[in-house]
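Colleague: Have a look at the structure that comes next, please.
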Amino acid sequence: MTLSRQLIVLLLVLFLLMFSGTFLISLNNTRVYLGKQLESNAQDVATSLGLSLSPHMKNNDLPTMTSMVDAIFDRGYYREVVVEAIDGTPLITRTLQVKTEGVPAWFVNLIPLETPRGEALVTAGWKQAAKVYVRSHPGFAYAELWRNTVTTFWWFLGSASVALLLGIAALRLVLKPLRAMEQQAEAISAREFPVQEKLPWTRDLRSVVIAMNRMALKVKQMFEDQTQLSVKLHDQAYKDLVTGLGNRRYFDSQLQHLIQSPEEFMTGALLLVQIRDFKRYNEQRGYAAADELLRQTASILKEVTADLEQCVPARLAGADFAVLAPDVSPLEAQLLGQLMCERLSLLHSSGMSDNLDVAHIGIAMFREGETASGLFSEADMALRAAQSKGPNSWHIYEAPTLDHSVIHGASHWREVLRGVIAGKNIVLHFQRVVNCLDGSTMHYEALVRVPDQTGGLINAGVFMPMAERLGMTRGFDKLVVERILERMTSRLYDQDRYAVNLAPGSLHDPDFVNWLYAEVSKRGAHASKLIFEVPEYGAVRELDKVREMVERLGALGCRFCLDHFGRGVTSFGYLSTLKIHYLKIDGSYIRGIDRDKDNQFFVYSVAGIARSLDIQVIAEAVETQQEWDALRSLRVDGIQGYVAGRPEAKE
């Protein structure tokens, strides 16, 4: 119960006690007053009647005496008039049954009203001849007492109601700052840091509000400082400070992770870019001009690859750049290299480069089973071949025949994927996400597969990039969501919690979001067992849309996870505004973390920031027990990888 309600109840009890006491006192006083009035009236009438009967008693005129008694009794104010001889012999007796018209019987029984006898002597000369007894009728007194009681009750009730309403209004006015402070505290716990602009007029509450505002600002500043420090140290370790691109360390970790992650990376290209005669340019123009040339080159690489999902441009060293382009075909890689060469050649016409031959590009295609060193070697050979071709040239390494799943064109994939969606021909595998401390299952991540012509299964890393490019991811996401919801209604799996990956294209589609909301709404309690994973690179591009979807589905009980966190080199201060529940650190920071101090510091910092935001941190691609042990000491909440369990059908 809130403080305001407690005070209102207290006020109500106080008013009730005050009203009850006052009402009972008033009722008793009125009852006593009317009782004394009845007694006094009876005595006065008895005295008057005794004096009036004395002359007739002397003459023994009983008829006249009877007439006088009847005259008084017939008025109805008396319940009993008796004239007795001095020896007790009744001479005249008149009685009236007590009736209280208009007064409830329970009131008469509850409130006794005494009617004492009035007594007087009747003389005959100097002798006491008789006695007169008069008892007042209580009916009129009860009627007056009832009327007074009802009037008093309603008057007190009205007064108490008005006073209570005024008290409630005053309490709400006085306690309004407390409600605002409660909302402020809840907002702080929800990763927001509002400040109350309007201060209360009461001194005590004013001091508390000022203290709360000061605390909110300090907590906000602490969070921002912690975030900025983590970003700064992350940039120092993984970002090239001249160009703003990732450095060699960052690029190598990304390449190594993707090569070892068939769920994410099955096709792609490595492009090596080298500026011609950069050493001579540096000596002739100086470091400032050389740095500007590097920045212009980096800007061109970022612009050319801006529309490619998960593309990783980086500066390796000196005038050497690299671009990792996942999910591109050989033809697309050649077009990308050609476009880069054309854009880089413009640096000469703009006066940025003295040399007509600005840069060369070597391209190598990734093949299943390829190693990072082998891929770099092939790209380097292609770069040497491009340099021998002439100014601003590119060359692609001629590799052995690629796998059929790679060389198929877009038209072939369009037909295949349409058939899969139309026939709902998908297979789900599930991989455990376990608690980092005790190894208990937190939830299962659903991984989608499609059958191939040989009866095998094709991983999502092969077909989902093409589905994304063809705008068909919404169809696959719908199939996976429907399959998971059906599974959750089964008694065998209704206690499990499942994570479902949503493609960036689905996140940005209002129709898909509305469909998803409607489907989840039908499942009621099962919604709380659903986790939707969204990739960081897709979320940061449309933060407002993602935030709206998180709020809508979060209201149903669904949870959200930011996948592949840290793959980009952008700031992650946006976490405080995105109400997610889980954060999955990219595997490039996890592989070999037991030996990498920089990655350990990054994971530890992210875990600290996430903990302050009530976000659980999960490490992906954990392959060894040594990595698991290291993550346990870094405050990570959960892990996912082969060391915890391989994907399986789980049927």
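Values in this text are rule-based calculations from the coordinates and carry no lab data. Predicted model, so just to flag it, every value in this text is computed and none were measured. Please note: Cβ atoms are built from the backbone with ideal geometry, for glycine as well, and neighbour counts cover all protein chains shown.
Colleague: Measure of size requested: the Rg and Dmax of segment 416-503, with Cα atoms as the atom set and Å as the unit; please supply both.
Modeller: 14.3, 44
Colleague: Just for segment 408-639, what percent of DSSP beta bridges are antiparallel, to the closest 5?
Modeller: Bridges in segment 408-639 are about 40 percent antiparallel.
Colleague: Of the GluC sites (Glu not before Pro) in segment 1-103, which ones lie in a loop per DSSP and count no more than 10 other C-beta atoms within 10 Å? Provide the component values of the computation, followed by the final result.
Modeller: On the way: sites: E39, E80, E84, E101; in loops: E101.
Those that pass, being in a loop and sparsely packed, are E101.
Colleague: Per 0.36 nm of contour for each residue apart, how much would the distance between K99 and L165 grow if the chain were fully extended, relative to their Cα-Cα spacing?
Modeller: 19.6 nm
Colleague: If you don't mind, another one. Not counting the cut sites, what is the longest span of the chain without trypsin sites (Lys or Arg not before Pro) that DSSP labels loop and that have at most 12 other Cβ atoms within 10 Å?
Modeller: Numbers: sites that count: R75, K99, K198, K424, R491, K522, R595.
With trypsin sites (Lys or Arg not before Pro) excluded where exposed in loops, the chain gives 199-423 as its longest stretch.
Colleague: Let me ask something else. May I ask you to derive the FRET efficiency for A555 and S189 from their Cβ-Cβ distance with R0 = 25 Å, giving the value to the nearest 0.05? It would help to have the intermediate numbers written out before the result.
Modeller: Numbers: r = 18 Å, r/R0 = 0.70.
So, using R0 = 25 Å, E works out to roughly 0.90.
Colleague: What whole-number distance in Å separates the alpha-carbon centres of segment 410-452 and segment 36-51?
Modeller: The distance from the Cα centre of segment 410-452 to that of segment 36-51 comes to 106 Å.
Colleague: In whole Å, what is the distance between the alpha-carbon centres of segment 203-225 and segment 286-300?
Modeller: What the calculation gives is 45 Å, centre to centre.
Colleague: Regarding segment 248-403, what are the three Cα extents along the principal axes, ordered largest first, in Å?
Modeller: On the principal axes, segment 248-403 reaches 47, 29, 26 Å in Cα extent.
Colleague: Let me ask something else. Counting other beta carbons within 10 Å of each residue's own, what order do V134, V162, V416 fall into, fewest first?
Modeller: In order of increasing Cβ crowding within 10 Å: V162, V416, V134.
Colleague: Kindly flag which residue pairs out of K545/K597; K424/K529; K36/K99 have an alpha-carbon separation exceeding 26 Å in this structure.
Modeller: Check vs 26 Å cut-off fails for K545/K597.
Colleague: Please give the FRET efficiency for Y642 paired with D357, using the beta carbon to beta carbon distance and R0 = 56 Å, rounded to the nearest 0.05.
Modeller: The computed FRET efficiency comes out at 0.75.
Colleague: Rank Y537, A71, V323 by how far each Cα sits towards the positive end of the charge dipole of the chain (+1 on Lys, Arg Cβ; -1 on Asp, Glu Cβ) and give me just the farthest.
Modeller: The Cα lying farthest towards the positive end belongs to A71.
Colleague: In nanometres, what is the gap between the two model label sites at A288 and K58, each 7 Å from Cα along Cα-to-Cβ?
Modeller: For the pair A288/K58, the computed spacing is 14.5 nm.
Colleague: So what's the back-of-envelope 222 nm ellipticity for the chain, counting only DSSP H runs of four-plus at -39500 (n - 2.57) apiece and dividing by all residues, rounded to 500?
Modeller: Working: 20 runs with 336 residues, N = 651.
Rounded to the nearest 500, it is -17500 deg cm²/dmol.
Colleague: Dividing the Cα radius of gyration by the Kirkwood radius, what Rg/Rh value follows for segment 3-161?
Modeller: Here Rg/Rh amounts to 1.23.
Colleague: Sequence-distant or interchain residues sharing an amide H contact under 5 Å with F532, placed H: which?
Modeller: When sequence neighbours closer than 5 places are left aside, the close amide H contacts are V500, R559, F560, C561.
Colleague: Here's another thing I want to ask about it. Going by C-beta contacts inside 10 Å, put E264, E192 in order with the fewest on the left. Please list the in-between numbers first.
Modeller: Numbers: E264 24, E192 14.
Least crowded to most crowded, the residues run E192, E264.
Colleague: Further question: Rg/Rh for the chain: what does it come to with C-alpha atoms and Rh from Kirkwood?
Modeller: The Rg/Rh ratio comes out at 1.44.
Colleague: Okay, moving on. Non-local amide H neighbours of H443 (under 5 Å, H modeled in plane, Pro and chain starts lacking H): which ones?
Modeller: For H443, whose amide H was placed from the backbone, the distant partners under 5 Å are V433.
Colleague: Whole-Hz ³J(HN,Hα) for each residue in segment 306-319, computed from phi via Karplus 6.51 cos²θ - 1.76 cosθ + 1.60 with θ = phi - 60°, x for glycine and proline: what do you get?
Modeller: Karplus-based 3J(HN,Hα) across segment 306-319 equals 4, 8, 8, 5, 6, 5, 10, x, 7, 9, 7, 5, x, 9 Hz.
Colleague: With Rg and the Kirkwood Rh both taken from Cα atoms, where does Rg over Rh land for segment 148-288? Let's see the in-between values first.
Modeller: Values: Rg = 32.4 Å, Rh = 22.6 Å.
Looking at segment 148-288, the ratio lands at 1.44.
Colleague: Sticking with this structure for a sec: Express in nm, to one decimal, how much length is gained between R203 and S40 on full extension, taking 0.36 nm for each residue of separation and deducting their alpha carbon distance.
Modeller: 52.6 nm
Colleague: With θ set to phi - 60°, apply the Karplus curve 6.51 cos²θ - 1.76 cosθ + 1.60 along segment 545-561 and write out the HN-Hα couplings as whole Hz, x wherever there is a Gly or Pro.
Modeller: 5, 5, 4, 5, 5, 4, 5, 5, 6, x, 5, 8, x, 5, 10, 9, 10
Colleague: Further, regarding this structure: Where both partners of a DSSP beta bridge lie in the chain, what percent of those bridges are antiparallel, to the nearest 5?
Modeller: 70
Colleague: Okay, next question. What FRET efficiency comes out for S612 versus T441 if R0 is 35 angstrom and r is the Cβ-Cβ distance? Round to the nearest 0.05.
Modeller: Between S612 and T441 the formula returns 0.85.
Colleague: Per residue of segment 605-618, in order, report the coupling 6.51 cos²θ - 1.76 cosθ + 1.60 (Karplus, θ = phi - 60°) as ³J(HN,Hα) in whole Hz, putting x for Gly and Pro.
Modeller: 5, 4, 5, x, 5, 5, 4, 5, 9, 6, 10, 7, 9, 10
Colleague: Can I ask one more? How many angstrom separate the Cα center of segment 309-359 from the Cα center of segment 521-545?
Modeller: 36
Colleague: S4: net charge of surrounding residues, Cβ under 11 Å, Lys/Arg +1, Asp/Glu -1, itself excluded?
Modeller: Counting the neighbours of S4, the net charge comes to +3.
Colleague: Also, I was wondering about something else. What does the net charge come to around K131 if you take all other residues with beta carbon closer than 9 Å to its beta carbon, with K and R at +1 and D and E at -1?
Modeller: On the way: positive: none; negative: E84, E119.
That works out to -2.
Colleague: Dipole magnitude of the chain about its Cα centre, charges +1 at Lys/Arg Cβ and -1 at Asp/Glu Cβ only, in debye to the nearest 20?
Modeller: Taking the Cα centre of the chain as origin, the dipole is about 2420 debye.
Colleague: So, one more: Can you list residues whose amide H is under 5 Å from Q616's amide H, if they're 5+ apart or on another chain and H is modeled 1.01 Å from N?
Modeller: Answer set, sorted by chain and number: Y582, L583.
Colleague: Counting only chymotrypsin sites (Phe, Trp or Tyr not before Pro) that sit in a DSSP loop (anything but H, G, I, E, B) with at most 15 other Cβ atoms within 10 Å, what is the longest stretch of the chain containing none of them?
Modeller: The segment 202-641 is the longest one with no such site.
Colleague: Can you tally the net charge around T66? Count Lys and Arg as +1, Asp and Glu as -1, for every other residue whose Cβ sits under 15 Å from the Cβ of T66.
Modeller: On the way: positive: R94; negative: D61, D70, D74, E84.
Net charge in that neighbourhood comes out at -3.
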